[in-house]
Amino acid sequence: MTATDTALHLAKAAALAAESKIAQDVMAIDVSDQMPLTDIFVLASATNERQIGAIVDEIEDRLRELGSRPIRREGRREGRWVLIDFGDIIVHVQHEDEREYYALERLWKDCPGVDLSAIDAPEARVNDDGTDTDLAEVEAAEDPGA
């Protein structure tokens, strides 16, 4: 089993959002074969808690525009490692010290990396009434056989 198209598009959007706030070492890992709860881990790091907060806010805003809302968020108060669960993807934004210490990419080394540069960035689309179309609606419209 590999990551779904929805998960790939959300991962790309999360990575772009993180990079727009100067996140470091942004990468994605396809954990779909090993973990039934999600398809992709997106990892990003920053040098301080304020930057971590800005990255988390930007990721949540960008994915909300695509119709994806967090199911769960942990670590926001401490600001050293924030986990945001969107269902199809889980985003880890870590302080660079935590990223080095916990080395999630090493823990999940048996899982393939996701080439984020090969994925087109999803765009929020606006309906006639001015509301955003969510990603599931966009993909269903693009693939009527689904």
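The values are calculated or read from the model by the stated rules, or taken from the named source; none is laboratory data. As the structure is a computational prediction, the values presented were derived from the model and not from experiment. When we count neighbours, we look across all protein chains shown, and the Cβ atoms used for this are built from the backbone with ideal geometry, even at glycine.
Tell me, which residue of region 16-35 that is within 10 Å of the chain's Cα centre (by Cα) and crowded, with 22+ Cβ neighbours inside 10 Å is farthest from Glu105 (Cα to Cα)?
Going through the qualifying residues, I end up with Ala17.
Give me a count of the residues in region 76-85 that are closer than 22 Å to Ala7 by Cβ and over 13 Å from the mean Cα position of the chain (by Cα).
At the first step, the residues of region 76-85 found to be closer than 22 Å to Ala7 by Cβ are 81-85.
Among the residues that remain, those that are also over 13 Å from the mean Cα position of the chain (by Cα) are: 81.
Matching residues across region 76-85 total 1.
Just to verify a result, which residue in region 70-119, among those that are surrounded by 15 or more Cβ atoms within 10 Å (Cβ to Cβ) and of a type in the set (Phe, Trp, Tyr), is nearest to Ser32 (Cα to Cα)?
Trp108
Kindly indicate the residue of region 1-15 that is surrounded by fewer than 18 Cβ atoms within 10 Å (Cβ to Cβ) and of a type outside the set (S, T, N, Q) and also modelled with the highest pLDDT among those meeting that condition.
Within region 1-15, the subset surrounded by fewer than 18 Cβ atoms within 10 Å (Cβ to Cβ) is 1-2, 4-5.
Next cut, of a type outside the set (S, T, N, Q) only: 1, 5.
Numbers: Met1: 58, Asp5: 91.
Top of the filtered list is Asp5.
Between a first residue in region 42-65 that is surrounded by 16 or more Cβ atoms within 10 Å (Cβ to Cβ) and a second residue that is among the hydroxyl-bearing types (Ser, Thr, Tyr) and at pLDDT 95 or above, which pairs have beta carbons less than 8 Å apart while being 6 or more apart in sequence or on different chains?
Glu58/Ser20
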